[in-house]
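Everything below concerns the one structure shown next.
Quick note: the coordinates plus some simple rules give every number you see, no bench work behind them. Note that the coordinates shown come from a computational prediction; the quantities given were computed from them, not determined experimentally. Neighbour counts are summed over all protein chains in view; Cβ atoms, including those assigned to glycine, are modelled from backbone coordinates with ideal geometry.
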Amino acid sequence: MRKGNVSGKSGARKFVRVTVTPEQAQKALRSIDWKRVKAMSEREIEQNALDDPDSIVQVDEATEPQLVPPMPDVAVLRRRLKLSQAEFANRFGFSVATVRNWEQGRVMADGPARVLLTVIANEPQAVIRALRPPLHSKPKKKAA
């Protein structure tokens, strides 16, 4: 978990980002005794959370949560698009080493990269269109 400021300046809004792999999330969900949870009142749930120092991170109430999508399976995404690692990297602006590291699980994509990967997974043609240079761009006139 990383705590910091949105702008890096003191006094700026604070944020907390928690990164969890899909496997970690599934493991955590499987370890929950759901019958016990469903039998608890809201007050009991809140008290248990407050008693566990690892379950809640104190954050200013004015802080907005930062949306960080889960890490997609880049290899599956790339194969679905029928692209090699180099083609995927070139088409969407990543380095081949970064794509390789994501696929091998050595590195997790940061927030903006995860957002882009999520959009690629859901609307790849929209990303391709957005990144394509305009076909009929007018040449700039030289200043006299």
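Observations
- The calculated FRET efficiency for the pair Leu135 and Thr19, based on their C-beta separation and a Förster distance of 30 Å, comes to about 0.15.
- Length added when fully stretched, Glu42-Val96, from 0.36 nm per residue minus Cα-Cα: 14.6 nm
- Taking label points 7 Å from Cα along the Cα-to-Cβ direction, Lys82 and Ile32 give a separation of 4.0 nm.
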